[in-house]
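Only one structure is covered here, and it is reproduced in the block below.
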There are 6 protein chains.
Amino acid sequence: MLTHFNQTGDAHMVDVGAKTSTARIAIATGKITMLPNTLDLIIAGNHKKGDVLGIARIAGIMGAKQTSSLIPLCHPINLTNVTVDFEILLDEYSVRCVSKAQTIGPTGVEMEALTAVQVALLTIYDMCKAVDRGMMMGDIKLLEKSGGKSGDWKAV
Amino acid sequence: MLTHFNQTGDAHMVDVGAKTSTARIAIATGKITMLPNTLDLIIAGNHKKGDVLGIARIAGIMGAKQTSSLIPLCHPINLTNVTVDFEILLDEYSVRCVSKAQTIGPTGVEMEALTAVQVALLTIYDMCKAVDRGMMMGDIKLLEKSGGKSGDWKAV
Amino acid sequence: MLTHFNQTGDAHMVDVGAKTSTARIAIATGKITMLPNTLDLIIAGNHKKGDVLGIARIAGIMGAKQTSSLIPLCHPINLTNVTVDFEILLDEYSVRCVSKAQTIGPTGVEMEALTAVQVALLTIYDMCKAVDRGMMMGDIKLLEKSGGKSGDWKAV
Amino acid sequence: MLTHFNQTGDAHMVDVGAKTSTARIAIATGKITMLPNTLDLIIAGNHKKGDVLGIARIAGIMGAKQTSSLIPLCHPINLTNVTVDFEILLDEYSVRCVSKAQTIGPTGVEMEALTAVQVALLTIYDMCKAVDRGMMMGDIKLLEKSGGKSGDWKAV
Amino acid sequence: MLTHFNQTGDAHMVDVGAKTSTARIAIATGKITMLPNTLDLIIAGNHKKGDVLGIARIAGIMGAKQTSSLIPLCHPINLTNVTVDFEILLDEYSVRCVSKAQTIGPTGVEMEALTAVQVALLTIYDMCKAVDRGMMMGDIKLLEKSGGKSGDWKAV
Amino acid sequence: MLTHFNQTGDAHMVDVGAKTSTARIAIATGKITMLPNTLDLIIAGNHKKGDVLGIARIAGIMGAKQTSSLIPLCHPINLTNVTVDFEILLDEYSVRCVSKAQTIGPTGVEMEALTAVQVALLTIYDMCKAVDRGMMMGDIKLLEKSGGKSGDWKAV
């Protein structure tokens, strides 16, 4: 039974009022795969000019703050920390994004970390689409989370 | 050279003022893969109660309207149409999402279609995460677009 | 059959791409009824200090601009005009709100006019609730609209 | 004297910094009245296809989260729970909406519950307006609230 | 070394999870200078009709609530109080704005106070620009702040 | 008489429905003055790591897109171009920001250009405030605008 529905099957925001406030961390990842030449442009920009990844990082951090406006049943929360990092995967012609979100509260931050990844990847797509419309985003998932009643979890 | 940067490498919103206004269509897709039992819950809800996909559809459509707030260099545009559809891929334990965005204007709607897909998939993740934290989103890409100076494009 | 659903019953934003762009006007109304003493406070403020209606007017105008973010299947549109006016109904201990919204485009502005009314009434409630929690909002409806294929319409 | 104004009559956000944090609940209601045929379409959709109320429920919940952006002097708060329920009033040709909002904090959630009702009713209007422009929203009010210094309150 | 960057120079939201929650106050100021005739219009409106400053006050308060959406690395916070006040500087043909923001939490509210000032001044500009495009905004700065690990601070 | 008020002194969004659609450009400027050491940190980051101005540029561009949500009586418009540039004023220990906004439509983009400048300057303040709380923003004004009935205008 999914927790976002009541017994008649109607959606609701889950009541977290009785949950204890704990330190919450979630780490999510994803990647975008592209043409070799597109990756070269991103790498070049990162060093000199046209900083695609710097802009995608900012977009991801700002996107995490919009999570509860975007995802219908997410609770508004006060994020205490968001980081977005990128790794160039040369042999896969990909950029991998890893985002960490943190808060202290009654509900987790998995969605904030995942939203940061999605918005960061979308921003890379946007900035490179004029030269490469066929880029593909994938492997987007939660890596680990800690805090809360359900405790720690790690992707296998 | 990426169009979102000027000659000194600084980012800017691309000037579309001189582009002609044409009918624009973009279709994007993506999927989320899960445990067999999670897919069963979604299928059950779709028929009876707990309509995960109905909610994800609304989130995707609303998300498309936030594209220019989320993606730093996207132009604000007046969408004339957004659709979000789902297909159950039983043998892949996946839900596939296809979104179509349309406008009449000087700039394309690829980002709107992709954002709709991302927000729809994130919403499915959110609603099912209590039973399946290991869900993975992937194969997110543009399928086709038409309109504008660059003309028609289809994913191979 | 409702236009916001396709043949399988799935919601979508109605495609307005083929509609002709015409001048659109919509006028909506609504009222909030309160204790005699609360109405006195509003009237006093309107003249001297504590301008409840001036603030509610601004909130209504700003609310109209958020319509497509609030109402799932509304199209984003460029409003060319919004007005919000109030009338004191002394014998009904009420404030009546009338809002007019205008645009030039392929889709109507009924929802923008109604949203302006709702947000204006909610703002009056908010500012007076410390002295009168029992206020009631009602008679909220479209008064008339013009423009578009369906032409003119007036409430009977 | 209204609490949202200082002694010179200028508006301000009320200082809640010294208020104690307590569990807050507010329940609001409202209804939308329509043609018999329109109500039939909503009832039909609820069972089979074209789920107007399911979409209005999501819009109401998401609307509650935008309350402090819409209502000028509302405090931003972290809602811990929002529910939106509908009841078909066959003999009044109406749909009644009841929303409950909850938080733990220094300020109440009356406006969040009322905003959820207003946005839910507006969404019903939007989805049915092509067949029934004369629908009317009314009886929108607070039913009860608890928590905070002013304690419990119920509509008579 | 700037705190918003890590050791490799990448931006991140500063982790405030370990900071203690204290009462925070920040006061900011700024002014807008205009033609003598423009100031006369504002003064006239303030007394009778066309209340420019009343509207700018509301815009400033609402703007403060959007700070974390506007400023990339700002934390979302629950403001407990915002005030915006204006002073007419007759001999400088200026309107001076002073804003105070307050919260109880792990991070300061300097940016919220400054954003309130900026949005209030911009709103004055917007409402008077048809008669005076040459208005200038300046002297925008933090006046004082208290709370948090760094303690009290006052502009010299 | 200010155009944002009607004859009874009530605010309204100015009706631009009858205005012709023309190409609009507005250029605005402003600067932030700081301690010599703070400017050194910004200059260093611009070259190597900690790119304050790159982030402020993105914030300014994104801020321009929020203008009609922030400024009560601004019309929502579809910006076709936004640029934000910075100049280091070594002898004034300042960073100067120049923003250009463009659209094709019935209303000007002065507020969008000014909002981009304000948000860019606020972002610089935010990122440097831990080392320099006394920074001051000023000289914020329109430089020039073209298009529309009132034609070209340049600051003297």
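The values are calculated or read from the model by the stated rules, or taken from the named source; none is laboratory data. No experiment lies behind these values; they were computed from the predicted model shown. Note that each Cβ is placed from the backbone with ideal geometry, even for glycine, and that neighbours are counted across all protein chains shown.
For segment D:17-30, indicate whether the set of residues that are within 29 Å of C:Leu2 (Cβ to Cβ), charged (D, E, K, R) and touching a residue at least 12 places away in the same chain (Cβ under 8 Å) is non-empty.
no
Looking at segment C:90-108, I want the residues that are aromatic (Phe, Trp, Tyr) and have a partner that is part of a strand (DSSP E or B) and modelled with pLDDT of 95 or more with Cβ atoms under 7 Å, at least 6 apart or on another chain. Which pairs are those?
Pairs that qualify, where the first residue is aromatic (Phe, Trp, Tyr) and the partner is part of a strand (DSSP E or B) and modelled with pLDDT of 95 or more, are C:Tyr93/C:Thr33.
Answer yes or no as to whether B:Leu79 is within 13 Å of chain A (Cβ to nearest Cβ) and part of a loop (DSSP other than H, G, I, E, B). Before you say what the answer is, go through the steps one by one.
On the way: within 13 Å of chain A (Cβ to nearest Cβ): no; part of a loop (DSSP other than H, G, I, E, B): yes.
When the stated conditions are applied, B:Leu79 does not pass them.
How many residues are farther than 22 Å from A:Ile55 by Cα, out of contact with any Lys or Arg (no Cβ under 6 Å at 6 or more places or on another chain) and in a strand (DSSP E or B) when one looks only at segment A:85-109?
Going through segment A:85-109 one residue at a time, the tally reaches 2.
Quick grid of which residues meet (1) within 11 Å of chain E (Cβ to nearest Cβ); (2) touching a helix residue (DSSP H, G or I) at 6+ places or on another chain (Cβ under 6 Å); (3) at pLDDT 95 or above:
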{"residue": "F:Leu89", "(1), (2), (3)": "no, no, yes"}
{"residue": "F:Ala101", "(1), (2), (3)": "no, yes, yes"}
{"residue": "F:Ala120", "(1), (2), (3)": "yes, yes, yes"}
{"residue": "F:Ile124", "(1), (2), (3)": "yes, yes, yes"}
{"residue": "F:Asp132", "(1), (2), (3)": "yes, yes, yes"}
{"residue": "F:Met135", "(1), (2), (3)": "yes, yes, yes"}
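Just wondering, is there one or more residues in segment A:65-76 that are in contact with a Phe, Trp or Tyr (Cβ under 8 Å, 6 or more places away or on another chain), over 15 Å from A:Ala26 (Cα atoms) and not aliphatic (A, V, I, L, M)?
no
Here are some conditions: (1) within 12 Å of chain D (Cβ to nearest Cβ); (2) in contact (Cβ under 8 Å) with a residue 12 or more places away in the chain; (3) buried (at least 24 other Cβ atoms within 10 Å of the Cβ); (4) over 11 Å from the mean Cα position of the chain (by Cα). E:Ile58 meets all but one. Which one does it not meet?
(2)
When you scan segment A:22-44, do you find a residue that is small (Gly, Ala, Ser), under 30 Å from B:Met13 (Cα atoms), part of a helix (DSSP H, G or I) and under 20 Å from the mean Cα position of the chain (by Cα), even just one? Talk me through it step by step, then tell me what you get.
Taking segment A:22-44 first, the residues small (Gly, Ala, Ser) are A:23, A:26, A:28, A:30, A:44.
If we keep only those that are under 30 Å from B:Met13 (Cα atoms) as well, we get A:28, A:30, A:44.
Filter once more, keeping what is part of a helix (DSSP H, G or I): A:44.
Subset that is under 20 Å from the mean Cα position of the chain (by Cα): none.
No, that holds for no residue.
Quick test of your reading of the structure: B:Asp91 fulfils all but one of (1) more than 14 Å from A:Lys129 (Cα to Cα); (2) among the acidic types (Asp, Glu); (3) within 12 Å of the chain's Cα centre (by Cα). Name the failing condition by number.
(3)
Quick one: how many residues across segment E:137-154 are part of a strand (DSSP E or B) and buried (at least 20 other Cβ atoms within 10 Å of the Cβ)? Walk me through it before giving the result.
Step one: filter segment E:137-154 for residues part of a strand (DSSP E or B), giving E:137-146, E:153-154.
Adding the requirement that they be buried (at least 20 other Cβ atoms within 10 Å of the Cβ) leaves E:137, E:140-142, E:145.
Selection size over segment E:137-154: 5.
With respect to F:Ile43, is the statement that it is of a type outside the set (S, T, N, Q) and either within 7 Å of another protein chain (Cβ to nearest Cβ) or free of Cβ contacts under 8 Å to residues at least 12 places away in the same chain (or both) true? Full working, then the answer.
Numbers: of a type outside the set (S, T, N, Q): yes; either within 7 Å of another protein chain (Cβ to nearest Cβ) or free of Cβ contacts under 8 Å to residues at least 12 places away in the same chain (or both): no.
No.
Which of the residues spanning segment F:1-17 are surrounded by 15 or more Cβ atoms within 10 Å (Cβ to Cβ) and hydrophobic (A, V, I, L, M, F, W, C)?
The answer is F:Leu2, F:Phe5, F:Ala11, F:Met13, F:Val14, F:Val16.
Quickly run through segment E:70-85 and pick out the residues that are crowded, with 22+ Cβ neighbours inside 10 Å and either among the charged types (D, E, K, R) or farther than 30 Å from A:Val109 by Cα (or both).
Those that are crowded, with 22+ Cβ neighbours inside 10 Å and either among the charged types (D, E, K, R) or farther than 30 Å from A:Val109 by Cα (or both): E:Thr83, E:Val84.
Just to check your reading of the model, which residue among D:Ala155, D:Ala113 is more than 8 Å from every other protein chain (Cβ to nearest Cβ), closer than 21 Å to C:Cys128 by Cβ and in contact with a Leu (Cβ under 8 Å, 6 or more places away or on another chain)? Let's see the steps before the verdict.
Working: D:Ala155 fails: more than 8 Å from every other protein chain (Cβ to nearest Cβ).
None of the other options fit; the residue is D:Ala113.
Quick check on D:Thr20: is it at pLDDT below 95, over 28 Å from C:Met62 (Cα atoms) and surrounded by fewer than 22 Cβ atoms within 10 Å (Cβ to Cβ)?
On the way: at pLDDT below 95: yes; over 28 Å from C:Met62 (Cα atoms): yes; surrounded by fewer than 22 Cβ atoms within 10 Å (Cβ to Cβ): yes.
Answer is yes for this residue.
Sort out which residues of segment C:137-156 are modelled with pLDDT under 95 and within 23 Å of D:Gly138 (Cβ to Cβ), and write them in order of number.
C:Val156
Output the residue which, of all residues in segment F:110-136 that are in a loop (DSSP other than H, G, I, E, B) and out of contact with any Ser or Thr (no Cβ under 8 Å at 6 or more places or on another chain), is surrounded by the most Cβ atoms within 10 Å (Cβ to Cβ). Outline the logic, then answer.
At the first step, the residues of segment F:110-136 found to be in a loop (DSSP other than H, G, I, E, B) are F:129-135.
Retained after the next criterion (residues that are out of contact with any Ser or Thr (no Cβ under 8 Å at 6 or more places or on another chain)): F:129, F:133-134.
On the way: F:Lys129: 21, F:Arg133: 19, F:Gly134: 15.
If we take residues in segment F:110-136 being in a loop (DSSP other than H, G, I, E, B) and out of contact with any Ser or Thr (no Cβ under 8 Å at 6 or more places or on another chain), then F:Lys129 is surrounded by the most Cβ atoms within 10 Å (Cβ to Cβ).
It is to be established whether one or more residues within segment E:63-74 are of a type in the set (Gly, Ala, Ser) and over 12 Å from the mean Cα position of the chain (by Cα).
Step one: list which residues in segment E:63-74 are of a type in the set (Gly, Ala, Ser), which gives E:63-64, E:68-69.
Retained after the next criterion (residues that are over 12 Å from the mean Cα position of the chain (by Cα)): E:68-69.
Checked against the condition, which is being of a type in the set (Gly, Ala, Ser) and over 12 Å from the mean Cα position of the chain (by Cα), segment E:63-74 yields at least one hit.
Sort out which residues of segment C:2-21 are part of a loop (DSSP other than H, G, I, E, B), at the interface with chain D (Cβ under 9 Å from one of its Cβ atoms) and in contact with a helix residue (DSSP H, G or I) (Cβ under 8 Å, 6 or more places away or on another chain), and write them in order of number.
Of everything in segment C:2-21, those that are part of a loop (DSSP other than H, G, I, E, B), at the interface with chain D (Cβ under 9 Å from one of its Cβ atoms) and in contact with a helix residue (DSSP H, G or I) (Cβ under 8 Å, 6 or more places away or on another chain) turn out to be C:Leu2, C:His4, C:Gly9, C:Asp10.
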